[in-house]
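Okay, structure first, notes after.
The values are calculated or read from the model by the stated rules, or taken from the named source; none is laboratory data. All values derive from a computational prediction rather than experimental measurement. Cβ atoms come from the backbone with ideal geometry, glycine included; neighbour counts cover every protein chain shown. Only protein heavy atoms, including side chains, enter the accessible area calculation; ligands, DNA and RNA are left aside. Shrake-Rupley method; radii C 1.70, N 1.55, O 1.52, S 1.80 Å.
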Amino acid sequence: MAGTGVARSDLVKAVFSERQLAHAPEFFVAGGRKLPNPEQPARAERLLARVQAMGVPVIEPASLGAGPRLAVHDRQYLDFLEHAYGDWQRAFAAGGEVMPSMRPLENPGAYPRSIVGRAGWHMADLACPIGPDTWHAACASAATAATAADLVAGGEGAVYALCRPPGHHAHGGRAGGFCYLNNTAIAAQRLKVLGPRIAVLDIDVHHGNGTQAIFYRRRDVFTVSVHADPADYYPFFWGHGHEQGAGEGEGYNLNIPLPVGSGDDPWLDAVTGAVAAIAAFDPAGLVVALGLDAYEGDPLAGGTVTTAGFGRIAGLIAGLGKPTAIVQEGGYLCDGLAGNLERFLSGFAVAQGTPKTL
Ligand SMILES: [Zn+2]
């Protein structure tokens, strides 16, 4: 078998669709420069190759239609996302990817007709370009998450959704940070069939601002995120400890920011705290938003978690003993990417105590 030599798991099934690979964003803007977009199809190809090498069964997502995405996103936003690239090409001769050039920051008076205005309305930043295949890939990614959740709801202990593009920065009506449809939120909503309370634990190095926003006024979905401090790191405006939910949801959002560059010990302490809070909430099911970009070798350089650290984090989370959908979020091209996934999935399976095949 490949990789670290950890026992392969027959606990975790994986869901994946090749249609997700068609989305190939060309660039994003960072440091005032047009740079190659790090959210590339090769990420998913590497992760897929590793789960296959581990012997994990990989299944296609079910045909679920628009229902899962409509459960957490605005119809107006979904219409924009579906038609944006075509509208953009009609508006601009030799147009490129859809990118916003302005944003309605203060009390916009009306929803614009122009695709330029709608791009500003629905796109948070310059890291979520919409190309010719973005919509179909994002829908396949959402279906992957929904199918994983449905398998968990149907009795599987844990299922890994190999989602790409990622989702946790997508709000109900807005793309951002490489994300278009919030796969984690979609999975959490699907898991509601298991019981009245569901929890989300986001361990991506970036705060899960879209997921937080979608559930911010709800007490039935407890959202917890461990991430690099937004005072110094994307998404900058959300992810602080004082953001605890609002209205009926007050007290049902927990942020645990860590200094940029934190390694295994602070991450393990934070996840230990997150797991204790989730245990007290006693959810019927759990969604893990599995970003692997807190890794010490990740090019986005927000954390210094080791490969072994991901295994230990997985063990802590699996100790909750909850039916769990594991949804892939960030984690960018570097030598350790696939090994980190293997260690996480293996660590999860070991901690759940399921028989393994060596
Ligand atoms: Zn991330």
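The single condition among (1) surrounded by fewer than 24 Cβ atoms within 10 Å (Cβ to Cβ); (2) out of contact with any Gly (no Cβ under 6 Å at 6 or more places or on another chain); (3) touching a residue at least 40 places away in the same chain (Cβ under 8 Å) that Val226 does not meet is (1).
For region 311-328, the criterion of being under 22 Å from Thr211 (Cβ atoms), open to solvent by 10 Å² or more (accessible area, probe 1.4 Å) and free of Cβ contacts under 8 Å to residues at least 60 places away in the same chain is met by at least one residue. Would you confirm whether any residue within region 114-121 is within 25 Å of Gln40 (Cβ to Cβ) and of a type outside the set (Lys, Arg)? Checked region 114-121: at least one residue is within 25 Å of Gln40 (Cβ to Cβ) and of a type outside the set (Lys, Arg). Considering Val287, Val275, the condition of being under 14 Å from Val159 (Cα atoms) and away from the ligand (no atom under 15 Å from the Cβ) is satisfied by Val287 alone.
Report yes if some residue within region 111-131 is in contact with a Leu (Cβ under 8 Å, 6 or more places away or on another chain), among the aromatic types (Phe, Trp, Tyr) and within 19 Å of Leu81 (Cβ to Cβ); otherwise report no.
No.
Is it the case that some residue within region 235-250 is open to solvent by 50 Å² or more (accessible area, probe 1.4 Å), assigned to a helix (DSSP H, G or I) and polar (S, T, N, Q)? Checked region 235-250: no residue is open to solvent by 50 Å² or more (accessible area, probe 1.4 Å), assigned to a helix (DSSP H, G or I) and polar (S, T, N, Q). Considering (1) surrounded by 14 or more Cβ atoms within 10 Å (Cβ to Cβ); (2) modelled with pLDDT under 95, the lone condition that Ile59 does not fulfil carries the number (2). For Asp133, state whether it is among the acidic types (Asp, Glu), at pLDDT 95 or above and out of contact with any His (no Cβ under 8 Å at 6 or more places or on another chain). Answer is no for this residue.
Checking each residue in region 177-213 for being within 13 Å of the ligand (Cβ to nearest atom), small (Gly, Ala, Ser) and more than 15 Å from Ala71 (Cα to Cα) picks out Gly177, Gly208.
Residues in region 318-342 that are within 16 Å of the ligand (Cβ to nearest atom) and either among the basic types (Lys, Arg) or part of a helix (DSSP H, G or I) (or both): Leu337, Asn340, Leu341.
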